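Undergrad: Right, I'll just put the structure down here and ask away after.
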Amino acid sequence: MKNVPVYKNPKKSVEARVRDLLRRMTVEEKAAQLMQRTIGRDVNPENVGPDHPFDPTVGSILTFTAGAAARNAFQRIAVEETRLGIPIIWGYDVIHGWRTCFPVPLAQGCSFDPSLTEKSCRVAAEECWADGGVDWTFSPMVEVGHDPRWGRNVEGYGEDPFTNGRFAAAAVRGYQGRRPSDLKKPGRIAACLKHFVGYSACEGGRDYNYTDFSVRALREWYLPPFEAGVRAGARTVMSSFNCVNGVPAVANKEMLTDVLRGEWGFGGFVVSDWGAVSQLSLQAFSSDPAVQTLATLGAGNDMDMADDAFRNVPDLVRAGRLPVRVLDRAVARVLRVKFELGLFENPYVPELPREKTCRLPASLDLAAECARSCAVLLKNEGGVLPLDPKKVKRLALVGPYVDSPLAHLGCWRGMCSEEHAETPTLFDEAARFFPGAKIELERGVVAGANECVATAAYEKPDRAAIARAVRAARRADVVVVALGETGRSSGECRSRRDICLSPAQEALVDALAATGKPLVGLVLAGRPLAFPKTAEKLDAMLWLWQGGSRGAQAAWELVTGKANPSGRLAMTFPRAVGQIPVYYNAQPRCRTGYDEYQDLVGENGPWFPFGAGLSYTTFEYGKVRLECAMRNAQCAMKASVRVKNTGKRAGAETVIWYLSDLESTSTQPARRVVGFEKVFLEPGAAETVRLALKRKDLAAMQPDGTRRFEPGAFELSASLRASARFEVP
Ligand code: BGC
């Protein structure tokens, strides 16, 4: 490797290569590394295209539909025709799959099985890398959500910080691999933890709105999932649109530098959210592009997404306003990740036929497994489920989502939308599961063509359609009604002021219930909805969420008992929108014995709590045993509980460990999750589930956001089914 520059020599350390390359770069070349352009299906004026020629020195491209061949063609120019040959890093929002679509992340949270998320992220990475030329996904979103009106809860793993942290780490391992050196392997891509931090606290659930939360909330809820993702090795973080204590996150040095790098040792780079640097003018921070660049780069936001805000960097350096040291710091972070990904050695992706890289049988089977483990059975009166196909001679399939592939795919479906013709619907799959039955399909409402509008506007109540559905129901032994919201009613910029069912669906359920036929509700949605009165009319309710490419298959496997529901809610369902926020790890009420609301008399608490979910079998919990009381900092406490399947079917039970701190100098949540484990048990089988807690796990949140251990009484509960109290001196 004589005469080869150090930065091109893979035998040299990443740090030596970064230093060597930086030394050779002009200010213009450095500035370009901090910019991300877009390409493909999009209307951004900065898009690469006729009006905005491709600059091969650009740091990153957000690729949309460019594809592997286009990526390689552009990359070739960057690598082979520029002075230094620095490869471009190609980013895209691969959120729950590329061409194989997995359940939306909120549904994945309900599986309480992060190992499935790790596997599905691995498949997504392999597919998007080979088929789309993507090296970097803007995922996982690990924001703790308390307000189901906010459309973006669907992108995260629910309301619990601990659970979100476990899923964050799993997703990072799936995309990147388990060891730092895995990143170089073909089909591994960089993960991006987003949106840092507190975006989900937008007031009123209105997307892009102001956020105001205490330092306690920041430390207790919003930061821990990010910390878990950083500790799992995430190489990039996206700063958020919102403010943290009045300072926009993209210009927030305390978050981007002191916490992220100082406290957690993050060594990758931070990208802004789309246009967030220029949007500082909307937040009345500053309309001066120079101030915007200086504030964001100075705070530790290294790359600007999509709006060319950092084009003024060379002038700012020349004017002596931006220290070269600050510029170099940001550029070094971007280059480091490119070296770690092996982009300098392997800048191109193989252009293989799609059948060889996407929607492989094993990937689709995994999608089915994920969808099965995410669905949550919330009601099953009289054991109406599972249905025995042999006993069903006529089946009425009703509702706006019985024949909608898009309702299974949800939002941020990436290239999966091109596959929607390949996504079987509930109707398509029904015959396979009820071979001897006559199946009738009736939507029961008039559904519009545009799934991007609010569900209530999408569906129109229609008397004739309801009458047809009722006639089909009368002829049937069982009626299955598919309710919920369109695939794009949740997601970015999809907040709702109400989370009820549409009037059309309410009217449909009323009419179907009046037939007296067994009525099974399947709900396809990307958020918690609140319709307790209408749900009373259903005999069973299975919450499918948006289950992806094999959502329909999984639904029928669960309905017919080929599989046993095992999902548990990762987010609390309110009874009514006025109850929001309602979440499990709230602080205790100061007084009891009083109704929470005059107009919800006797109906205190949520419609369905965090952790809710039924099974076709029953589980018995033994006593919670504390094997070793903790006496000093070294001694860990061990807890265990024996869980037995006492029913006649095999099934999986999730043991959720809750800790309650009963005595502390500042108030603590009534309980918080400190562990969980999902165990599969054959009928009659039992397993002992264990938990190890360190002294720091017992530490109480203080008013200043630090955690401090305080002696006193605690309670540890296993799924609220068994618990034990203990004292720690
Ligand atoms: C979203 C991000 C996303 C980005 C790029 C933004 O509007 O907030 O989550 O990664 O667009 O598509």
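The values are calculated or read from the model by the stated rules, or taken from the named source; none is laboratory data. Keep in mind that what you see is a predicted model, and the values were worked out from it rather than measured. In this analysis, Cβ positions are derived from the backbone assuming ideal geometry, glycine residues included, and neighbour counts consider all displayed protein chains.
Undergrad: If you scan the range 170-206, which residues turn out to be out of contact with any helix residue (DSSP H, G or I) (no Cβ under 6 Å at 6 or more places or on another chain), closer than 22 Å to VAL271 by Cα, within 16 Å of the ligand (Cβ to nearest atom) and not hydrophobic (A, V, I, L, M, F, W, C)?
TA: Listed by number, the residues that qualify are LYS194, HIS195, TYR199, SER200.
Undergrad: Step by step: first the residues of the range 303-326, then only those that are within 16 Å of the ligand (Cβ to nearest atom) and in a loop (DSSP other than H, G, I, E, B), then the one that is surrounded by the most Cβ atoms within 10 Å (Cβ to Cβ). Which residue is that?
TA: Applying the filter and picking the extreme gives ALA306.
Undergrad: Next question. Can you go through SER278, SER272, SER240 and tell me which one is over 22 Å from the mean Cα position of the chain (by Cα), within 15 Å of the ligand (Cβ to nearest atom) and free of Cβ contacts under 8 Å to residues at least 60 places away in the same chain?
TA: On the way: SER272 fails: over 22 Å from the mean Cα position of the chain (by Cα); SER240 fails: over 22 Å from the mean Cα position of the chain (by Cα).
None of the other options fit; the residue is SER278.
Undergrad: Also: Can you tell me which residue in the range 126-149 is nearest to the chain's Cα centre (by Cα), limited to those that are within 16 Å of the ligand (Cβ to nearest atom) and part of a helix (DSSP H, G or I)?
TA: Among those residues, the one meeting the criterion is CYS128.
Undergrad: Conditions: (1) within 16 Å of the ligand (Cβ to nearest atom); (2) of a type in the set (Lys, Arg); (3) surrounded by fewer than 24 Cβ atoms within 10 Å (Cβ to Cβ). ARG152 meets all but one. Number of the miss?
TA: The number of the failed condition is (3).
Undergrad: Criterion first (surrounded by 23 or more Cβ atoms within 10 Å (Cβ to Cβ) and either over 25 Å from SER181 (Cα atoms) or of a type in the set (Asp, Glu) (or both)) does MET25 satisfy it?
TA: Values: surrounded by 23 or more Cβ atoms within 10 Å (Cβ to Cβ): no; either over 25 Å from SER181 (Cα atoms) or of a type in the set (Asp, Glu) (or both): yes.
Considered against the rule, which asks whether it is surrounded by 23 or more Cβ atoms within 10 Å (Cβ to Cβ) and either over 25 Å from SER181 (Cα atoms) or of a type in the set (Asp, Glu) (or both), MET25 comes out as no.
Undergrad: Evaluate the following for ASP113: is it touching a residue at least 12 places away in the same chain (Cβ under 8 Å), away from the ligand (no atom under 16 Å from the Cβ), under 21 Å from PRO528 (Cα atoms) and assigned by TED's automatic domain parsing to the domain that holds PHE241? Can you show your working first?
TA: Working: touching a residue at least 12 places away in the same chain (Cβ under 8 Å): yes; away from the ligand (no atom under 16 Å from the Cβ): yes; under 21 Å from PRO528 (Cα atoms): yes; assigned by TED's automatic domain parsing to the domain that holds PHE241: yes.
Yes.
Undergrad: Does the range 277-292 contain any residue that is surrounded by fewer than 19 Cβ atoms within 10 Å (Cβ to Cβ), outside any helix (DSSP H, G or I) and of a type in the set (Asp, Glu)?
TA: Yes, the conditions are met somewhere in the range 277-292.
Undergrad: Here is a further query. How many residues are of a type outside the set (Val, Ile, Thr) and more than 20 Å from THR236 (Cβ to Cβ) when one looks only at the range 280-311?
TA: Step one: of the range 280-311, the residues of a type outside the set (Val, Ile, Thr) are 280-290, 292, 294-295, 297-311.
When the remaining residues are screened for being more than 20 Å from THR236 (Cβ to Cβ), the result is 280-290, 292, 294-295, 311.
The qualifying residues number 15.
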